[in-house]
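J.: Sharing a structure with you now.
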Amino acid sequence: MPRVPRSAGVTAAALALGLLATAPATGDEPAVSAPRVVAHFDLAKGETPENIALEPDGSADLTFSTARQVVNVTPQGRRRLLATLPAVAKPATPVVGRAVVLGITRAQDGTLYVSYATGTPATGIWRIPSGGGKPRQIAQLPPKGFPNGLALDERRGVLYTADSALGTVWRVPASGGKPTAWATGAALEPRNAPPAARVGVNGLRIHRDAVWVSNTNAGTLLRIPVLETGCAGTIETRAKGLAAIDDFAFVDRHRDTALVAMTGGSELTQVRADGTHRVVLTRQDGLSNPTSVAVRGRTVYVPSAAYFTRKDANLLLARVHQRDRG
């Protein structure tokens, strides 16, 4: 979630200070341990890491939202620029007012897809060749929208993106083409916030025959089944009380336990399958408005964009324990 105007930032921070419906700690070992910051980024250059996709070698592809860049960062902190999204004249992007690159997802062949919000016809899904190169727009989305979290279903050959402004999950052919409003409804819409801080459906992941999304204003984690026809099933609320939730990731492919970036409160929260949740990493561990999460084996990656703290945008790695059978 890119930095919004000051008043909206205060609102998000205030939301994050609200009580979370956390569950009592279990007798198992902590869900996450040994956090370490492996890379620090320069806010003055727009290096605000918004979303993440992992490479087979364990490196991370990050979108730098306000710099309009996609970069590769190794676990040792080495960086390589993969692409820069083109500048647009007179951007009029909802929420932030500037052109921002947001979600990212990776195909098995290394092709990257990103969501780009500009307030112009450049808004939509862009494709970047494997290894980096010139981005190309493959689908146009409404300029008044804010395409955010992004995921690829290679089996069906489609992309899904969460539109934070229009409260819509769009479905787009991976080969490019006309988008479809795949899921809509009140559960996905922005709510209960000033106009400049109205951020609805935000993070998005495909997991166990469903599209999962977060709603930042509502503080919810939602599941949308993918029916055999490819249509969206009934939206299910799987967790509540997640103030200023951003993106998330599941700890493995077999369970519904997720690790969630709580951007306003600079926390990483574990959400169990029954909807209970507890904080597992905080600002003291190095988080600074975390925006997304990725998990590979026993390692969790958490980018922090420092949108509101304005201190220490970074990439943090930690060890994941999977004893908690939530």
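J.: Provide a single number: the residues in segment 258-282 that are touching a strand residue (DSSP E or B) at 6+ places or on another chain (Cβ under 7 Å), surrounded by fewer than 22 Cβ atoms within 10 Å (Cβ to Cβ), in contact (Cβ under 8 Å) with a residue 24 or more places away in the chain and outside any strand (DSSP E or B).
T.: Final tally of qualifying residues: 1.
J.: Continuing with this model, one more query. Can you tell me which residue within segment 166-218, out of those that are over 12 Å from Asn148 (Cα atoms) and hydroxyl-bearing (Ser, Thr, Tyr), is surrounded by the fewest Cβ atoms within 10 Å (Cβ to Cβ)? Spell out how you get there, then give the answer.
T.: Here is the first cut: in segment 166-218, the ones over 12 Å from Asn148 (Cα atoms) are 171-198, 206-212, 217-218.
Of the ones still in play, those that are also hydroxyl-bearing (Ser, Thr, Tyr) are 175, 180, 184.
Numbers: Ser175: 11, Thr180: 15, Thr184: 17.
Applying the filter and picking the extreme gives Ser175.
J.: Taking the condition crowded, with 23+ Cβ neighbours inside 10 Å and either without any contact (Cβ under 8 Å) to a residue 40 or more places away in the chain or not in a loop (DSSP other than H, G, I, E, B) (or both), does Tyr301 pass?
T.: Working: crowded, with 23+ Cβ neighbours inside 10 Å: yes; either without any contact (Cβ under 8 Å) to a residue 40 or more places away in the chain or not in a loop (DSSP other than H, G, I, E, B) (or both): yes.
Yes, satisfied.
J.: Further question: Can you pull out every residue in segment 38-52 that is in a strand (DSSP E or B), of a type in the set (A, V, I, L, M, F, W, C) and out of contact with any Ser or Thr (no Cβ under 7 Å at 6 or more places or on another chain)?
T.: Once the filter is applied, which keeps residues that are in a strand (DSSP E or B), of a type in the set (A, V, I, L, M, F, W, C) and out of contact with any Ser or Thr (no Cβ under 7 Å at 6 or more places or on another chain), segment 38-52 yields Val38, Ala39.
J.: So, one more: Are there any strands (runs of 3 or more DSSP E) wholly within segment 109-154 with 1 or more residues that are touching a residue at least 12 places away in the same chain (Cβ under 8 Å), more than 22 Å from Ala210 (Cα to Cα) and of a type in the set (A, V, I, L, M), and if so which? Please lay out each step first, then the result.
T.: Details: elements: 112-117, 124-128, 136-140, 147-153.
Result: 112-117, 124-128, 136-140.
J.: Another question, then. For residues in segment 60-77 being surrounded by fewer than 24 Cβ atoms within 10 Å (Cβ to Cβ) and among the β-branched types (Val, Ile, Thr), which is nearest to Pro303 (Cα to Cα)?
T.: So, considering only residues that are surrounded by fewer than 24 Cβ atoms within 10 Å (Cβ to Cβ) and among the β-branched types (Val, Ile, Thr), the one nearest to Pro303 (Cα to Cα) is Val73.
J.: Whether any residue in segment 212-219 is under 18 Å from Thr161 (Cβ atoms), touching an Asp or Glu at 6+ places or on another chain (Cβ under 9 Å) and not polar (S, T, N, Q) is what I want to check.
T.: Yes, the conditions are met somewhere in segment 212-219.
J.: Among the residues of segment 286-326, write down those that are among the polar types (S, T, N, Q) and at pLDDT below 95.
T.: Of segment 286-326, the ones among the polar types (S, T, N, Q) are 288-289, 291-292, 299, 304, 309, 314, 322.
Correct list: Gln322 only.
J.: What about Pro190, is it in contact with a helix residue (DSSP H, G or I) (Cβ under 9 Å, 6 or more places away or on another chain) and in contact (Cβ under 8 Å) with a residue 12 or more places away in the chain?
T.: For Pro190, the condition - in contact with a helix residue (DSSP H, G or I) (Cβ under 9 Å, 6 or more places away or on another chain) and in contact (Cβ under 8 Å) with a residue 12 or more places away in the chain - is met.
The values are calculated or read from the model by the stated rules, or taken from the named source; none is laboratory data. Predicted model only: the values in this text are computed from it and were never measured. Note that each Cβ is placed from the backbone with ideal geometry, even for glycine, and that neighbours are counted across all protein chains shown.
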